[in-house]
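Colleague: Below is the structure I would like to discuss, written out as structure tokens.
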Amino acid sequence: MDLVNDPALDAFRAEIRAFLRANLTDDIRRKVMEGGYLSREAHTRWHKVLQKQGWIAPAWPVEHGGCGWPLAKQYVFEQEFALAYAPRAVIFGVEMVGPLLIEYGSAAQKARYLPGILSGDEWWCQGFSEPGSGSDLASLACMAVRDGDHYMINGTKLWQTAATEADMMFGLFRTDSSGRKQQGITVLLVPMKSKGLSLRPITLLDGGQEVAQCFFDDVRVPVANRVGEENQGWGCAKFLLSIERLGIAEVARSSAMLNRLKGIVEQPDAHGRRLADDPEVANEIAEIEIDLMALEATEYCMLFDPAAGADLGAEASTLKLMGTQVQQRISAATMAAAGPYAQAMASGLDGDNASRIGPDFAEPATRGYFNLRKISIYGGSNEIQKNIVAKAVLGL
């Protein structure tokens, strides 16, 4: 499929660019460009703009309130938003629990939750990882015991992004320990204000607190909040992983990061010198760009080549693995461009003592570098991805 010489897609690109020029405010654009965490207020403000345009859920079927766009149109949409530093819609609602409910939810669950996701009025977080269950998610131990018309949950979840701002959690819970560890897992929808549910915010390397640990102490959740059948949640978990196939390599976001880096090194310092003229800097950027082009070509083939098949299996691990490495290399090169000012920013990452000395990009570059250390861990660590590729792709 040719996404460049398609008149209909060219017109769609022009429409997106015009929309972003007219609607993307500078404060939100800058926050995304610098890799900052958008507040619920800012994210909801942007969500309402997308809702008015009718662009909230590109991949959802029309009958459920989505756009129903084909994959090529979704791809172009993601590209243009990334290159303009526009935020996505609220990811856990639109891109995860929404599709989960459309696929596995009851009619009552769809009627209750899909409208709030589309409107942005109800925020969600994901309850998967636990202190002893990250990449080996099937080993999770947070227990949900059936008690009449409710489940009683006890245990803990870890690294829940947006948990402090979320209204609901969609989580995986252990409901049976008698069989294989992939069995006995159930998906439950948990109100974040449930009695017995408490949070402990976690300060990350970049000084932010967008994640938390969740503690469950006799938290009662109605059986009506179960998605799918009891003990069949592993299939739901695999479904959620499979729908990440579009953009899993974050090529468009990396392209935007690289464009920004190129702009930074082109700027002369007080003595008129440019980092772009340093052979080592120029060589590093060229190598990153070559790898990014190769990654983009690989992603393109996997998504649009009919010979690749309808679903990405273990090949998606290749995209995730290489995509995270490219992002981290760009962030490292951007922080290196700040020189000694990067160290000055690192000493005040909590935000209380940080001061804007040196170039404006220095502090965001340092924060972004530390924040992006996490991407080679979440979604299955890169070590796990290598094992998957070795076994399922290379046959080792």
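The values are calculated or read from the model by the stated rules, or taken from the named source; none is laboratory data. Given the structure is predicted, the values throughout are model-derived calculations rather than measurements. When we count neighbours, we look across all protein chains shown, and the Cβ atoms used for this are built from the backbone with ideal geometry, even at glycine.
Colleague: Return the total of residues in the range 59-84 being assigned to a helix (DSSP H, G or I) and either more than 22 Å from residue 111 (Cα to Cα) or charged (D, E, K, R) (or both).
Modeller: We begin by selecting, within the range 59-84, every residue assigned to a helix (DSSP H, G or I); these are 62-64, 71-83.
Among the residues that remain, those that are also either more than 22 Å from residue 111 (Cα to Cα) or charged (D, E, K, R) (or both) are: 63, 71-83.
So the count comes out to 14.
A quick yes/no check of all residues on (1) in contact with a helix residue (DSSP H, G or I) (Cβ under 9 Å, 6 or more places away or on another chain); (2) over 20 Å from residue 44 (Cβ atoms); (3) not hydroxyl-bearing (Ser, Thr, Tyr):
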| residue | (1), (2), (3) |
| --- | --- |
| 154 | no, yes, yes |
| 165 | yes, no, yes |
| 172 | yes, yes, yes |
| 176 | no, yes, yes |
| 181 | yes, yes, yes |
| 187 | yes, yes, yes |
| 196 | no, yes, yes |
| 203 | no, yes, no |
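Colleague: Hey, residue 94 hits all of (1) crowded, with 21+ Cβ neighbours inside 10 Å; (2) in a helix (DSSP H, G or I); (3) assigned by TED's automatic domain parsing to the domain that holds residue 16 but one; which does it fall short on?
Modeller: (3)
Colleague: With the requirement that a residue be surrounded by fewer than 23 Cβ atoms within 10 Å (Cβ to Cβ) and in a strand (DSSP E or B), what does the range 146-167 give you?
Modeller: Matches in the range 146-167: 146, 147, 150, 152, 154, 155, 156, 158, 159, 161.
Colleague: Can you name the residue in the range 374-396 that is more than 14 Å from residue 129 (Cβ to Cβ) and within 13 Å of the chain's Cα centre (by Cα) and, of all such residues, is surrounded by the most Cβ atoms within 10 Å (Cβ to Cβ)?
Modeller: 376
Colleague: Also: Which residue pairs have Cβ atoms closer than 6 Å, lie 6 or more positions apart in sequence or on different chains, and pair a first residue in the range 147-158 that is on the phi > 0 side of the Ramachandran plot and small (Gly, Ala, Ser) with a second residue that is surrounded by 18 or more Cβ atoms within 10 Å (Cβ to Cβ) and at pLDDT 95 or above?
Modeller: 155/142; 155/216
Colleague: How many of the residues in the range 97-126 are of a type in the set (Asp, Glu), out of contact with any strand residue (DSSP E or B) (no Cβ under 8 Å at 6 or more places or on another chain) and within 28 Å of residue 41 (Cβ to Cβ)? Give the steps one after another, and end with the answer.
Modeller: Taking the range 97-126 first, the residues of a type in the set (Asp, Glu) are 103, 121-122.
Checking which are out of contact with any strand residue (DSSP E or B) (no Cβ under 8 Å at 6 or more places or on another chain) leaves us with 103, 121.
In the following step, the residues that additionally are within 28 Å of residue 41 (Cβ to Cβ) were identified as 121.
Residues meeting the conditions: 1.
Colleague: Of the residues 283, 259, only one is touching a residue at least 12 places away in the same chain (Cβ under 8 Å) and of a type in the set (S, T, N, Q); which? Let's see the steps before the verdict.
Modeller: Working: 283 fails: touching a residue at least 12 places away in the same chain (Cβ under 8 Å).
None of the others qualify; the one that does is 259.
Colleague: Have a look at 34, 80 and point out the one that is surrounded by 17 or more Cβ atoms within 10 Å (Cβ to Cβ) and not assigned by TED's automatic domain parsing to the domain that holds residue 368.
Modeller: Numbers: 34 fails: surrounded by 17 or more Cβ atoms within 10 Å (Cβ to Cβ).
Result: 80 is the single residue among 34, 80 that is surrounded by 17 or more Cβ atoms within 10 Å (Cβ to Cβ) and not assigned by TED's automatic domain parsing to the domain that holds residue 368.
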